[in-house]
Every structure is written in C-alpha cells, then in structure tokens.
Ligand SMILES: [Zn+2]
C-alpha cells in the first residue's frame, strides 16, 4: 500500500464540494486533508480524522484547491513593455499589437520559446496555479502554430489551437484566404497537438461567420471549442460560442441581457479576465450582473505580453472583488472550480476524495485574505500531483 500524508490543523478548508462543508465553497473549519499518491483520499473535520502514515501541521493556515487558470497565452518571445507605457500615456488598445509578438515569436528558436514558457510556468506555480491552459496564436503559419502547440504540450494537457488570433500581415488583403489556411492545412498540422480550438471574434480580428466556420472545422476533427468574445465591443462572440457548444466564452466585457440569458441557458462558462481590463485601462466586466443572471463565471489570468502580462490569480481575485462586484467566496470559487468547469474537468478545482492532489496553503487563516490583502504574496505551500503526459498518436 502507498503512504498517506495528512495535512492537519487547517484553519479553514475550501473544498468546493457542497456535500463536504458549508455554502458553495464547501467550507470546513479546523480541517484535515489526507493525500495518497497523486489523489485526495479524504477531507473533513479534525474530529473525524482517523490515521495517516505522515503528518504535516499547517498551524491554522487556510487551504484551498490549486488555482485553475483556463485562459493563458504563455508561448511567445519578447515583451511589449513599451506598448504598455505608451497606452498608459493615452494611446488606445487594439488587437493589432499582437502582430509585433508574432514577428518576435516567428524569429525565436524552439529553445527560446521553451525557456520563456518555463519561466512563466514557474511563476504560475509560485502563485498557486496548478492547472493552466496554453494557447498558440503568435505563430500564424502552419509550422509556427504546430511548434507552439508542441512546446505547450510539454508543460500542460490543456493546449489550445488559436491560429485565428489575428489575420497575419501577409494575409491582410485576403482574410478569407487565411481562414482557409486555418481550417485546412494549419488545422491538420495542429489538431494532433491540441485539445481545444479558439477564435478571437471581435473588432480587428474575426467576424461571426469566420468564427463559426473555424470552430466547426475544429469540432469536426475532435477538438472542443472556446471563444475570445465581446472583449472590445458588443458583438456576436458569445452567441457563436453558445451556438457551437463552446466550453467557455472568454472576456465578456461588453454584454447585453440577451448575451447573459444565452449563457445562463447553456453549458458555456463566462471566463472573465480582469488583468486585461487592468492593463488596458478599460471598464471591467460586470460579474455581479452575470452571477445574478445565473451565468457560471470563471476567472483567469489571460497571461500574455500585450494586454495582461500577469500570472497572478490572487491579483485577478482581488480585482474581481474590488471592481467587478464579486464576493471573496465567489471569486475564489471562480478561480478554482469555475476554471475547472471552463476546461470541462472534474478532477481539479476541488478538494474531494478522488480529485487530484493539487492544493495550496496560505499564510492566512482564510481564503478571504486573497482579496483583503491585495498585492501580498500569501501563497505558503503548493502541492501539485505529478502530471501524466497526454498520449498523442
Ligand atoms: Zn486571450
């Protein structure tokens, strides 16, 4: 039999299992979690704890599931600090800035891209993210997109083909020709390395008809859909996401009541990315309105060099609470269980028997401190179950 480890003397434990504890977070005070190999074996009140081979005393700290970051663009070269500074001195944000990262990424070696990704993965882990999604979208040629996905796949199972990020410069006069490339040879080369397909459906990127065509082509070869929707202006992104059964519509900054009722009546999660509004000095999405309309909300970092160069989920939680009308409980749920829902995973984002042993302890007695103490590094320890590499044929 394998050894069991008990994390004892947990001040408050977020399980995200309503059967295990109080409220939507399934909160248990004075709790114990027992880990066996890469799985949670047991979680409950100290008084009911029985036995483990090894014990780790957490001294009253809070424990919660590792964060699940369901939206990130961590494979790229270079940065855009100058563009950020220019924007902060008054220039507007547009989707076109992506092209400068495309030029740098195409020119980079595989090793440079891997090293850059590893640095961000290390940041993710230190900030308590134990599952993250990684998109392509800075190659925009058949070979460069497939390369980005191969590199991403060395670090995560949640790999997303985003050939439809923007139309690259060489197709500016022939955007439909680019859509044909994305749905043809590029998809053929990329699908074996990806689980998801994504489209940036917005001003300056792709229209609703193009987005539908691209997503349907991906669905036909077995990928699942997610959509960059309604970030820069109201539009059709959310409608398209719901139509094709996407796991998530991401950004959702500009939404109508109809958009919200479409989301609420579907399995499509609204993934909110407040790092993007922060870094582009844009109005935040109204999470309160979405939650009140019955929409499932996830929070993610959108880590990318142009519009949200952060790997910090605690920062996103603090923004969501301060500026988007979420309660601390809702924001923590969205950054853990909500992210899992947006990736259609039930083995992460909760601390319940059988789930992966991905969890974090805080230098604080409660998860509320993540928003209450903004900017303070509260991550004490991170437990991450070893990754079983995805088998591709
Ligand atoms: Zn994005």
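Read the figures in this text as sums done on the coordinates, not as results from a lab. These numbers were taken from a predicted model, which means no experiment stands behind them. No Cβ is skipped: glycine too gets one built from the backbone with ideal geometry, and neighbour counts run over all protein chains shown.
Couple of notes before you dig in:
- For the chain, the longest principal axis of the C-alpha atoms and the axis of helix 142-153 are separated by about 0°.
- Percent of beta bridges antiparallel (DSSP, the chain, rounded to nearest 5): 40 percent
- Counting neighbouring beta carbons within 10 Å and listing from fewest to most, the residues 257, 250 come out as 257, 250.
- Length-normalised contact order of region 67-342 in % [C-alpha pairs under 8 Å, at least 6 apart]: 19 percent
- For region 327-385, the equivalent ellipsoid derived from the alpha-carbon gyration tensor has semi-axes of 21, 15, 9 Å in decreasing order.
- Gain on full stretching of the segment that runs from residue 107 to residue 18 - 0.36 nm per residue minus C-alpha separation: 27.1 nm
- Packing-based exposure ordering (other Cβ within 10 Å, fewest first) of 271, 280: 280, 271
- Cα gyration tensor, region 86-138 - rounded (a/c under 1.5), prolate or oblate: oblate
- Size of the chain as Cα extents on the principal axes (Å, biggest first): 69, 44, 39
- Among 64, 7, 299, the order by Cβ neighbours within 10 angstrom, fewest to most, reads 7, 64, 299.
- Build a GNM of the chain with springs between Cα atoms under 10 Å apart, and of 233, 224, 91 the one that fluctuates most is 91.
- Region 238-266 and region 26-86 have Cα centres separated by 29 Å.
- C-alpha long axis of helix 313-323 to longest principal axis of the chain, angle in °: 80 degrees
- Sites residue 91 and residue 126 - FRET efficiency at Förster radius 25 Å, r taken between beta-carbons, to 0.05: 0.20
- Taking the longest Cα principal axis of the chain as reference, the axis of helix 110-126 is set at about 40 degrees.
- Value of relative contact order over region 29-171, rounded to a whole percent, pairs C-alpha under 8 Å and six or more apart: 24 percent
- Region 123-252: C-alpha gyration tensor shape, a/c 1.5 cut-off, then a/b vs b/c: oblate
- Label point 7 Å beyond Cα of residue 344 along Cβ direction - residues of region 140-159 with amide nitrogen under 13 Å: 159
- Extended-chain gain in nm, criterion 0.36 nm per residue less alpha-carbon gap, residue 208 and residue 154: 16.2 nm
- In this rough spin-label picture, where each label sits 7 Å from Cα along the Cβ direction, the residue 267-residue 323 distance is 3.4 nm.
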